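One structure below.
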Amino acid sequence: MINISKKNIIILVFIESVVLVALIFLLVFGLKGFFGQSNYWAVYLKTGDLYFGKLVRLSHYTLRDPYLLVLDSNKNGEAKIQKFENAFWGPEPEMKINPENVVWISRLSSQSSVVKYMEGKANISQRSNSAVIPENNSSSSATGSLPAVK
């Protein structure tokens with residue numbers, strides 16, 4: 001029979017409690033955000049690429065359900081957001097990003113037209129300085145239009 005002291009039991013219970021609290025914190029943060037804030041972020045890279053999605057920051061950044069900003073040079077610089085997984089090379093719906101390549105990140109407002117579009121709740125057209133989301137919000141539509149960039 002193993003003889004465990006009361007002090008060792010207290011230390012073990014404390015460590016287990018800390019681990020449990022940390023896991024609960026990660027689950028709540030990863031699924032719901034803090035205090036009703038959006039879980040969606042904009043991530044701007046040194047390459048000039050702008051991505052939107054659910055950001056997890058550990059030793060590297062993971063962007064879940066990412067969208068990318070696409071500029072259409074044929075339509076006077078019109079900008080669109082496109083699901084990353086719908087790119088022609090068929091990537092998975094998650095991307096790992098080296099933090100050294102990130103210029104800035106910004107949490108998106110839960111009221112953002114881009115967030116509403118990504119959540120599938122947008123059937124709106126707003127002011128000219130906001131994202132314009134197409135009327136057709138079916139699952140086959142993977143691109144939303146933004147106003148022309150000047």
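Odds and ends about this structure:
- Residues of segment 68-88 satisfying the condition of being surrounded by 12 or more Cβ atoms within 10 Å (Cβ to Cβ), more than 14 Å from the chain's Cα centre (by Cα) and not hydrophobic (A, V, I, L, M, F, W, C): Asp72, Gly77, Glu78, Lys80, Asn86
- Test result for Ile81, modelled with pLDDT of 75 or more and assigned to a helix (DSSP H, G or I): no
- Comparison of Pro134, Pro147, Pro99 shows that the only residue that is modelled with pLDDT of 85 or more and not acidic (Asp, Glu) is Pro99.
- Residues that are of a type in the set (A, V, I, L, M), part of a strand (DSSP E or B) and out of contact with any Phe, Trp or Tyr (no Cβ under 7 Å at 6 or more places or on another chain) were ranked within segment 45-65; the one that is farthest from Tyr117 (Cα to Cα) is Leu45.
- Pair list, Cβ < 6 Å and 6+ apart or interchain, from segment 79-92 residues that are farther than 10 Å from Leu68 by Cα to residues that are charged (D, E, K, R) and assigned to a helix (DSSP H, G or I): Pro91/Glu85
- Among the residues of segment 89-100, those identified as exposed (fewer than 13 other Cβ atoms within 10 Å of the Cβ) and outside any loop (DSSP other than H, G, I, E, B) are Lys96, Pro99, Glu100.
- Conditions (1) under 29 Å from Phe25 (Cβ atoms); (2) surrounded by 15 or more Cβ atoms within 10 Å (Cβ to Cβ); (3) without any contact (Cβ under 8 Å) to a residue 24 or more places away in the chain: number failed by Gln111: (2)
- A Cβ distance below 6 Å, combined with a sequence gap of six or more or placement on separate chains, defines the contacts here; from segment 37-59, residues that are farther than 14 Å from Val70 by Cα reach residues that are crowded, with 20+ Cβ neighbours inside 10 Å and modelled with pLDDT under 85 in the pairs Lys54/Asn39.
The values are calculated or read from the model by the stated rules, or taken from the named source; none is laboratory data. This one's a predicted model, so the numbers in the text were calculated from it and none came from an experiment. Neighbour counts are summed over all protein chains in view; Cβ atoms, including those assigned to glycine, are modelled from backbone coordinates with ideal geometry.
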